[in-house]
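All remarks here apply to the structure that follows.
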Amino acid sequence: MAAKKADVKDVKLVKVRKRRKVPATADPGAAPRGGRKVPDAAEPGAAEPRGSGKRALVIVESPTKAKTIGKYLGSGYTVKATVGHVRDLPQRKLGVDVDNGFTPEYVPIKEKAKTLAEIKKAAKASSRVLIATDPDREGEAIAWHVAESLGNGSKVSRVLFHEITKDAVTQALANPLDIDQKKVDAQQARRVLDRLVGYKTSPLLWKSIKTGLSAGRVQTVALRLICEREEEIRKFVPQEYWTIEADLEKDGQGFQARLHKLDGHKPEIKDEASARSIVADVLKLPFKVTSVEKGERRRPAPPPFRTSTLQQEAAKQLGYSAAVTMRLAQQLYEGIEMGAEGPVGLITYMRTDSIRVADSAVAQARDFIAREFDKGYLPATPNVHKTGKGQSKVQDAHEAIRPTDVLRRPDDVKQHLDAKQFKLYQLIWRRFVASQMNPAVFETTKVDFDLGRFMFRATGSRVLFDGYHKLYHEAHEPEEGKTLEDLPPIPPLAEGDVVTVKQITPNQHFTEPPPRFSEASLVKELERLGIGRPSTYAAIISTLKNRWYATAKDRRFQPTPQGEIVWQVLKRCFPDVFEVGFTAQMETELDKVEEGDLAWQRVLEDFWGPFSQALAAVDIDRLIHDVHDLSGLPKEKCPNCGGPLIVKSGRFGPYIACAKYPECRFSRPLAKNKVPDRPSDQKCQECGAPMVIKTGRYGEFLACTRYPKCKHTRPVPLGVKCPKCGVGDLAERRTRKGRNFFGCLRYPDCDYSTWNRPVPVACPSCGFLGMEEKQTKAAGATRKCLKCGHEITLEEVTPAEPVAT
């Protein structure tokens, strides 16, 4: 036995000595520091150099992407997925040394321990490590964290996949880079900023409103926009006004003209009497054409999508939320199973601010247009789209969002996509091809009828050439106004023509308040103001919904009462930190960090000074009085001892208590709007009395109506029978550590449980009334049958209760 151990030790020594003989830069697959040497085994499908005896390790973010890339690589490569970040700031403490240059403390994410261990093991057995996480700030930060966890930077390189195709993978592996530290610093500055704001401001919400609430640096500004818009709507006082329209006809073709001027000025008709008086006078006059003005308007093709415009158009045309759009785009980018062809990335990287397109892709689109359309649709030279004024250039290294191969028409790949994926791919494909087509041309007509005091005007348009509209039409929301396509054509008219008056109608109107934000208009406003970045819009909107700060009723955002009071607290405490201009300035400074023009610690220093002063100046007692109506409290007396009542801040938020504590222990919740009890059809299992549904600290529960004589309580059934025993009802319960789960009420006789919320929805496969809902980044919102496991995808599940983060 001793000899056996000695043999093992000798083998280990030999291996160590063998490794020491090979210099770090002698690995044929590793790029020298600071260099960009093309590795010998760059071609996908090629094994590592003969004699190395090891494979190269490629690290990506998602398993889907790993599968697609693995298809292009030979036996000389191993592909592993991090499934997002592997390290982050600790959950239960600040994790930032403010006094020592804002040094962050990174720890491995608990749920990723197994993943990280597998990656480390694979790295040790590999000749080189190629980190191919997403080509943006977040992806660069993940690459840095992985490299830091692995150590041995001499054999770690960075590769960028802007599209998941064989050519792109080949080119990326042939040109490994160093990790971009400037991008890492920019992401690190953002993460530390968000941690400082969230960690320091959330306790103020707990003390002044209730525990479990949280604040976010950028999300709070988005909440501010929604709340301030709601305030405008509430304060708005509608004003009555009238318009007068004439229904006219010429040679059997009807059209409409509107009163355009009254006594040479824009008409301001404020009541019905004035409107009817004008109609009476106009009816006496002939409608004779006094001028006809024709023009030509050209509407150029729109540029291909960038992240924000894709989110806006998908919301308007397809009804997709920003989160759903980005999830589907991620799937199209990472790779779709195409039958015998295997997984294929159908679009380029979907997080980009750029509208730039590779020359090869432009040439392919132009070739397609030349083959499939008449020659009039193809411009003589390629269309060059200009970047909008003030648009961020953060992601300009990436191309616009486009199909990786124009020849993959939507109908050709439809069989491999689900309905939502197909609609989004079709939208991206059409927009890109249309971006290289000729403009749509309209003939506009303006006809005036000068009747002395009254001047009526008719406007119309007709399509002379449909241009890019042959393939693609932009969508418009009502508040964006009419477009040329909305104007009806006007019959041929010449100066001096007299038209037939069918009727003249006065119409009553009222001015309308500004509209609530839709997903599309909120994204547009965030981009216009420079709040966040296009890649973060989906997360911002989802956070507001998940925290129950805003709801999307009829696809329009409204703040919840909780959201409004959260904004009131933060506005009073930090008026400058959550100011729109200040937040936009912070985004600009983060851009400068990425460009290398500003140190990331300097950004934090400039922020921390004013923020810490505002934090120190917060008076909790005054804050509670400011955000809650306590005007009647001085007149109230303690019902137990008659003493005065005061407001205190406790573990679960503010509450009212007797000032004579501890002699008198009277207290009650601050909120007077207690949720009333609701009747139920349940009977108490102990005494047989009816039970009511009460609302407590942890939500709804059933309680006996004979309380306090009978103190029996139990969870509210969800309307779903247990799939295991078929007898008991499923209900929401809590573990000893306070985590919610759903289990059978017959416990311990039946031990069935699940973490996902069951809903009383019939399974389309087996008919069982009960499916569990869950939402993940990879699959989105889904429902799975509790009985047979059949799974369906949903648009998006709105949480049934606030989610504390």
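List the number of the failed condition for Val593; all other conditions in (1) out of contact with any Leu (no Cβ under 9 Å at 6 or more places or on another chain); (2) within 20 Å of Val96 (Cβ to Cβ); (3) open to solvent by 30 Å² or more (accessible area, probe 1.4 Å) hold.
For Val593, the exception is condition (3).
Please pick out the residue among Ser521, Ser535 that is crowded, with 19+ Cβ neighbours inside 10 Å, of a type in the set (Gly, Ala, Ser) and modelled with pLDDT under 85. Break it down into steps so the answer makes sense when it comes.
On the way: Ser521 fails: modelled with pLDDT under 85.
Step by step, each of Ser521, Ser535 is checked, and only Ser535 is crowded, with 19+ Cβ neighbours inside 10 Å, of a type in the set (Gly, Ala, Ser) and modelled with pLDDT under 85.
Considering only residues that are open to solvent by 20 Å² or more (accessible area, probe 1.4 Å) and either touching a residue at least 40 places away in the same chain (Cβ under 8 Å) or aromatic (Phe, Trp, Tyr) (or both), which ones fall in region 74-83?
Thr78, Lys80
Is it the case that region 505-516 has a residue that's touching a strand residue (DSSP E or B) at 6+ places or on another chain (Cβ under 6 Å) and basic (Lys, Arg)?
Scanning region 505-516 turns up at least one residue that is touching a strand residue (DSSP E or B) at 6+ places or on another chain (Cβ under 6 Å) and basic (Lys, Arg).
Among the residues of region 365-377, are any open to solvent by less than 50 Å² (accessible area, probe 1.4 Å) and either without any contact (Cβ under 8 Å) to a residue 40 or more places away in the chain or in contact with a Ser or Thr (Cβ under 7 Å, 6 or more places away or on another chain) (or both)? Before the answer, list the steps.
First, the residues of region 365-377 that are open to solvent by less than 50 Å² (accessible area, probe 1.4 Å): 365-366, 368-369, 373, 376-377.
Filter once more, keeping what is either without any contact (Cβ under 8 Å) to a residue 40 or more places away in the chain or in contact with a Ser or Thr (Cβ under 7 Å, 6 or more places away or on another chain) (or both): none.
No, region 365-377 contains no residue that is open to solvent by less than 50 Å² (accessible area, probe 1.4 Å) and either without any contact (Cβ under 8 Å) to a residue 40 or more places away in the chain or in contact with a Ser or Thr (Cβ under 7 Å, 6 or more places away or on another chain) (or both).
What residue, of Val413, Val441, Val406, Val433, is aliphatic (A, V, I, L, M), part of a helix (DSSP H, G or I), more than 22 Å from the chain's Cα centre (by Cα) and surrounded by fewer than 24 Cβ atoms within 10 Å (Cβ to Cβ)? Show your work before the answer.
Working: Val441 fails: part of a helix (DSSP H, G or I); Val406 fails: part of a helix (DSSP H, G or I); Val433 fails: surrounded by fewer than 24 Cβ atoms within 10 Å (Cβ to Cβ).
When all the criteria are applied, what remains is Val413.
With respect to Ser202, is the statement that it is crowded, with 17+ Cβ neighbours inside 10 Å, under 27 Å from Phe102 (Cα atoms) and free of Cβ contacts under 8 Å to residues at least 40 places away in the same chain true? Steps first, please.
Details: crowded, with 17+ Cβ neighbours inside 10 Å: yes; under 27 Å from Phe102 (Cα atoms): yes; free of Cβ contacts under 8 Å to residues at least 40 places away in the same chain: yes.
The answer is yes for Ser202.
Out of everything in region 207-248 that is among the acidic types (Asp, Glu) and closer than 20 Å to Ala552 by Cα, what residue ends up being least open to solvent (accessible area, probe 1.4 Å)? Quick ask: steps written out before the conclusion?
Within region 207-248, the subset among the acidic types (Asp, Glu) is 228, 230-232, 240, 245, 247.
Restricting the remaining residues to those that are closer than 20 Å to Ala552 by Cα gives 228, 230-232.
On the way: Glu228: 62, Glu230: 12, Glu231: 64, Glu232: 96 Å².
Filtering first and then ranking leaves Glu230.
Tell me, which residue of region 130-152 that is under 20 Å from Ala117 (Cβ atoms), out of contact with any Ser or Thr (no Cβ under 7 Å at 6 or more places or on another chain) and assigned to a helix (DSSP H, G or I) is most open to solvent (accessible area, probe 1.4 Å)?
Filtering first and then ranking leaves Glu148.
Could you check region 639-668 and list, in sequence order, the residues that are open to solvent by less than 50 Å² (accessible area, probe 1.4 Å), part of a loop (DSSP other than H, G, I, E, B) and touching a Lys or Arg at 6+ places or on another chain (Cβ under 7 Å)?
Gly643
To keep it simple, each residue is scored yes or no on (1) outside any strand (DSSP E or B); (2) open to solvent by 30 Å² or more (accessible area, probe 1.4 Å); (3) touching a helix residue (DSSP H, G or I) at 6+ places or on another chain (Cβ under 6 Å).
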site	(1), (2), (3)
Arg298	no, yes, no
Ala301	yes, no, yes
Leu310	yes, no, no
Glu313	yes, no, no
Ala361	yes, no, no
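Does Ala186 qualify as being closer than 19 Å to Ala147 by Cβ, open to solvent by less than 40 Å² (accessible area, probe 1.4 Å) and either aliphatic (A, V, I, L, M) or outside any loop (DSSP other than H, G, I, E, B) (or both)? Walk me through how you get there before you give the answer.
On the way: closer than 19 Å to Ala147 by Cβ: yes; open to solvent by less than 40 Å² (accessible area, probe 1.4 Å): yes; either aliphatic (A, V, I, L, M) or outside any loop (DSSP other than H, G, I, E, B) (or both): yes.
So Ala186 passes the test.
What single numbered condition from (1) touching a strand residue (DSSP E or B) at 6+ places or on another chain (Cβ under 6 Å); (2) modelled with pLDDT of 95 or more fails to hold for Ile369?
With (1) touching a strand residue (DSSP E or B) at 6+ places or on another chain (Cβ under 6 Å); (2) modelled with pLDDT of 95 or more applied to Ile369, the lone miss is (1).
Please go through region 161-182 and give me each residue that is open to solvent by 50 Å² or more (accessible area, probe 1.4 Å) and in contact with a helix residue (DSSP H, G or I) (Cβ under 7 Å, 6 or more places away or on another chain), ordered by number.
Within region 161-182, the subset open to solvent by 50 Å² or more (accessible area, probe 1.4 Å) is 162, 166-167, 171, 175, 178, 180-182.
Residues satisfying the conditions are His162, Lys166, Asp180, Lys182.
Those residues that are out of contact with any helix residue (DSSP H, G or I) (no Cβ under 8 Å at 6 or more places or on another chain) and either buried (at least 22 other Cβ atoms within 10 Å of the Cβ) or among the hydrophobic types (A, V, I, L, M, F, W, C) (or both), I need them from region 416-430; list them, please.
Answer for region 416-430, where residues must be out of contact with any helix residue (DSSP H, G or I) (no Cβ under 8 Å at 6 or more places or on another chain) and either buried (at least 22 other Cβ atoms within 10 Å of the Cβ) or among the hydrophobic types (A, V, I, L, M, F, W, C) (or both): just Ala419.
Check whether at least one residue in region 737-755 is at pLDDT below 80 and either surrounded by 15 or more Cβ atoms within 10 Å (Cβ to Cβ) or of a type in the set (Ser, Thr, Tyr) (or both), and report yes or no.
no
Checking the conditions here, which among Ala273, Ala329, Ala280 is among the small types (Gly, Ala, Ser) and surrounded by 14 or more Cβ atoms within 10 Å (Cβ to Cβ)? Before you say what the answer is, go through the steps one by one.
Details: Ala273 fails: surrounded by 14 or more Cβ atoms within 10 Å (Cβ to Cβ); Ala280 fails: surrounded by 14 or more Cβ atoms within 10 Å (Cβ to Cβ).
Unique residue meeting the criteria: Ala329.
Would you mind telling me which numbered condition in (1) surrounded by fewer than 13 Cβ atoms within 10 Å (Cβ to Cβ); (2) farther than 30 Å from Lys288 by Cβ; (3) among the polar types (S, T, N, Q) Ser542 fails?
Condition not satisfied by Ser542: (1).
With the condition kept exactly as written, say whether any residue in region 457-472 is part of a loop (DSSP other than H, G, I, E, B), at positive phi and open to solvent by 20 Å² or more (accessible area, probe 1.4 Å).
Step one: filter region 457-472 for residues part of a loop (DSSP other than H, G, I, E, B), giving 466, 471-472.
Now restrict to residues that are at positive phi: none.
Scanning region 457-472 turns up no residue that is part of a loop (DSSP other than H, G, I, E, B), at positive phi and open to solvent by 20 Å² or more (accessible area, probe 1.4 Å).
Listed here are the residues, each with its yes/no results for (1) aromatic (Phe, Trp, Tyr); (2) touching a Cys at 6+ places or on another chain (Cβ under 9 Å); (3) without any contact (Cβ under 8 Å) to a residue 24 or more places away in the chain; (4) more than 18 Å from Pro575 (Cα to Cα).
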| site | (1), (2), (3), (4) |
| --- | --- |
| Val603 | no, no, no, yes |
| Asp606 | no, no, yes, no |
| Phe611 | yes, no, no, no |
| Leu615 | no, yes, no, no |
| Arg622 | no, no, yes, no |
| Asp629 | no, no, yes, yes |
| Leu633 | no, no, yes, yes |
| Cys638 | no, yes, no, yes |
| Leu645 | no, yes, yes, yes |
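Out of the residues in region 205-246 meeting the condition of being of a type in the set (Ser, Thr, Tyr) and not in a helix (DSSP H, G or I), tell me which one is farthest from the chain's Cα centre (by Cα).
The initial filter retains those residues of region 205-246 that are of a type in the set (Ser, Thr, Tyr), namely 208, 211, 214, 220, 241, 243.
Then keep just the ones that are not in a helix (DSSP H, G or I); that gives 211, 214, 241, 243.
Numbers: Thr211: 26, Ser214: 18, Tyr241: 39, Thr243: 41 Å.
Per the criteria, the residue is Thr243.
Tell me yes or no: at least one residue of region 334-357 is part of a helix (DSSP H, G or I) and of a type in the set (Ser, Thr, Tyr).
Kept after step one, since they are part of a helix (DSSP H, G or I), are these residues of region 334-357: 334, 339-341.
Next, from what is left, pick out any that are of a type in the set (Ser, Thr, Tyr): none.
Checked against the condition, which is being part of a helix (DSSP H, G or I) and of a type in the set (Ser, Thr, Tyr), region 334-357 yields no hits at all.
Give the number of residues within region 332-377 that are polar (S, T, N, Q) and over 26 Å from the mean Cα position of the chain (by Cα). Spell out the reasoning first.
The initial filter retains those residues of region 332-377 that are polar (S, T, N, Q), namely 348, 352, 354, 360, 364.
When the remaining residues are screened for being over 26 Å from the mean Cα position of the chain (by Cα), the result is 360, 364.
Number satisfying all stated conditions: 2.
Filter region 338-359 down to residues that are among the small types (Gly, Ala, Ser) and touching a residue at least 24 places away in the same chain (Cβ under 8 Å) and give me whichever is surrounded by the fewest Cβ atoms within 10 Å (Cβ to Cβ).
To start, the set of residues in region 338-359 that are among the small types (Gly, Ala, Ser) comprises 339-340, 342, 345, 354, 358.
The next check asks that each one be touching a residue at least 24 places away in the same chain (Cβ under 8 Å); those that pass are 339, 342, 345, 354, 358.
Details: Gly339: 9, Gly342: 14, Gly345: 27, Ser354: 21, Ala358: 14.
Filtering region 338-359 for residues that are among the small types (Gly, Ala, Ser) and touching a residue at least 24 places away in the same chain (Cβ under 8 Å), the one surrounded by the fewest Cβ atoms within 10 Å (Cβ to Cβ) comes out as Gly339.
Taking region 473-486 on its own, how many of its residues are in a helix (DSSP H, G or I) and either in contact with a strand residue (DSSP E or B) (Cβ under 9 Å, 6 or more places away or on another chain) or modelled with pLDDT of 95 or more (or both)?
From region 473-486, those in a helix (DSSP H, G or I) are 478-480, 484-486; that's our starting set.
Applying the additional criterion that residues be either in contact with a strand residue (DSSP E or B) (Cβ under 9 Å, 6 or more places away or on another chain) or modelled with pLDDT of 95 or more (or both) yields 484-486.
Total meeting the criteria: 3.
Among the residues of region 416-436, is any in contact with a Ser or Thr (Cβ under 6 Å, 6 or more places away or on another chain) and at negative phi?
To start, the set of residues in region 416-436 that are in contact with a Ser or Thr (Cβ under 6 Å, 6 or more places away or on another chain) comprises none.
No, region 416-436 contains no residue that is in contact with a Ser or Thr (Cβ under 6 Å, 6 or more places away or on another chain) and at negative phi.
The values are calculated or read from the model by the stated rules, or taken from the named source; none is laboratory data. Everything quoted here is computed from the prediction, not taken from an experiment. Reconstructed Cβ throughout: ideal geometry from the backbone, glycine too, with neighbour counts over all protein chains shown. The protein model used for the area step is the full one, side chains on, heavy atoms only, and it has no ligands, DNA or RNA in it. Shrake-Rupley method; radii C 1.70, N 1.55, O 1.52, S 1.80 Å.
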